[in-house]
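Remarks on the structure that follows.
The values are calculated or read from the model by the stated rules, or taken from the named source; none is laboratory data. Predicted, not measured: the structure shown is a model, and the values here were computed from it. Don't worry about glycine lacking a Cβ; one is built from the backbone with ideal geometry, like all the others, and counts go over all protein chains shown. For the accessible areas, the whole protein counts, side chains as well, though only heavy atoms, and no ligand, DNA or RNA atoms are used. Shrake-Rupley method; radii C 1.70, N 1.55, O 1.52, S 1.80 Å.
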Amino acid sequence: MTIGRRTLAALLGLTLLFSFGLAWSGQRQIQRVNILMPAPFADATAELVQRFNRDHRGSIALRVTRGPRDTESISDLAISSLLLGSPPFDALLMDVTWLAKYAAAGWLEPLDSYFEPQEIDALVAGARLGNHYDGVLYRWPLIADVGLLYWRKDLMEAPPRTPDQLSSVGRRLMDDGAVNSGFVWQGRQYEGLSCDFVEMLSAFGGNWLNPQTGEPSLNSSEALEAVGWMRSLIRDGISPKAVTNYSESESLQAFKAGDAALMRNWPYAWAELQKPDSAVRGQVGVTLMVHNAGHQPAATLGSWGLSLLKGSDHPQAVIEAIRFLTSPEAQRERFRNQGYTPTDRSLFRDPEMLELSPILPDLEQALTHAVPRPPTPLYAQLSDVLQRQLSGVLTDDLAVDQAMNKAQINSMTIVEAAGGAS
Ligand code: GLC
């Protein structure tokens, strides 16, 4: 049987139409999800993204955009794209301090309809904090995070408990020639300094905001004492002058090289200290920050979580990606590979996880002492004025009381301009 020319042309036409239609509908079916993350988290997520994309071939294509490392820089980037309207992202990995501002600005989609209350109950204590604003859930935690004091088990019987003990053990170990520095921490003018300050302020019984009035309380006698102690660490040489330029990574490098007896850092540092190139491998313990008698030890609440942006074309696909990236399996992997703290309570008791790291019980305990930074939309401005004055004191130009009075006045101006403390 021969096929006439016309029939052939018609058949060809049909085939073309059909395949074009398929490709077209195929393209429409693929839902593209773009999540902005700070560089270290984007790197830690790369393999998981590949796996997600393999499992969702033809339906969802997940892409993680690698943003700057520092919390301030990536928030600035996110905010500028949000202010321009229709941002290229469907979701953001958000620091705990961003939430109030983003939620109040109306940039985030409520997540209450996507997550069950039992799922929130299954989170470890500290991971349940900092995800809600005005009672609405806007962020689902990817990692838990709290400030810790790292100490050298080979140099001390037990870690110091009070600020005075910390200074004296640091001094003694330096005098003995065991270390170059007693204590390294985050003294650079950036968000890490505010995090360290929260812990040191609590050590002396102070609060950033007055718990009764909600107003800044930066020139209280407790705050002056705390800042005086921070300065004495540098003046007395227990912390190197260079600490005023240290962020988390510089402190970690110094401690990992065996240069310091004590370090303030986040839990991820522990995994790095166990690597073969670490001079202190197997010799490090973690505990809560020092504090004076009669006051609670504080561990600054960190943590990063995923938020769905308003206006995303396919929220269900975004939620599927969020669920995968925050699943117990993903938590295990991030803990194993990067030392990021899990968020599910059950993983803190898991034999395989405990074998990977003996500090899990210490982390769980520290999470119960988590102290948040002020959860207000004004946080970025308040932290900025505080950091400026603290840095002024630490680099030795400013007197403690003058600097903290200025921090107080400038903070009050910010709060009053926004209509008062809420
Ligand atoms: C950690 C914390 C985050 C904090 C930042 C400061 O990433 O999780 O909350 O703002 O450090 O450097």
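Observations
- Of the residues making up the range 52-61, those that are over 24 Å from the mean Cα position of the chain (by Cα) and surrounded by 14 or more Cβ atoms within 10 Å (Cβ to Cβ) are N53, H56, I60, A61.
- Among the residues of the range 51-81, those that are within 16 Å of the ligand (Cβ to nearest atom) and part of a helix (DSSP H, G or I) comprise T71, E72, S73, I74, S75, D76, L77, A78, I79.
- Each residue in the range 97-129 was checked for being within 29 Å of A203 (Cα to Cα) and either basic (K, R) or open to solvent by 30 Å² or more (accessible area, probe 1.4 Å) (or both), and 4 pass.
- Search result, residues across the range 291-319 that are out of contact with any Lys or Arg (no Cβ under 6 Å at 6 or more places or on another chain) and within 30 Å of Q253 (Cα to Cα): H291, N292, Q296, P297, A298, A299, T300, L301, G302, S303, W304, L306
- Test result for R172, open to solvent by 60 Å² or more (accessible area, probe 1.4 Å) and either free of Cβ contacts under 8 Å to residues at least 60 places away in the same chain or over 27 Å from the mean Cα position of the chain (by Cα) (or both): yes
- Exactly one residue among G85, G21, G26 is out of contact with any Leu (no Cβ under 7 Å at 6 or more places or on another chain), under 30 Å from V385 (Cβ atoms), modelled with pLDDT under 95 and more than 16 Å from the ligand (Cβ to nearest atom), and that residue is G85.
- Some residue of the range 349-359 being open to solvent by less than 10 Å² (accessible area, probe 1.4 Å) and within 16 Å of the ligand (Cβ to nearest atom): no
- Taken together, D90, D76, D112 contain a single residue that is within 16 Å of I35 (Cα to Cα) and in contact with a strand residue (DSSP E or B) (Cβ under 7 Å, 6 or more places away or on another chain), which is D90.
- In the range 130-154, residue least open to solvent (accessible area, probe 1.4 Å) [restricted to those that are over 17 Å from Q331 (Cβ atoms) and part of a loop (DSSP other than H, G, I, E, B)]: G147
- Qualifying residues in the range 82-96 (those that are assigned to a loop (DSSP other than H, G, I, E, B) and in contact (Cβ under 8 Å) with a residue 60 or more places away in the chain) - the one most open to solvent (accessible area, probe 1.4 Å): S86
- Cβ-Cβ contacts under 9 Å between residues 6 or more apart (or on different chains), taken from a first residue in the range 42-64 that is more than 18 Å from E329 (Cβ to Cβ) to a second residue that is open to solvent by 50 Å² or more (accessible area, probe 1.4 Å) and polar (S, T, N, Q), are listed as D43/Q338; G58/Q29; S59/Q29; S59/Q31; A61/Q31.
- Residue check, L48 modelled with pLDDT of 95 or more, closer than 21 Å to S312 by Cβ and assigned to a helix (DSSP H, G or I): yes
- Answer residue from the range 368-391, given it is among the β-branched types (V, I, T) and open to solvent by 40 Å² or more (accessible area, probe 1.4 Å) and is nearest to the ligand (Cβ to nearest atom) among those: V371
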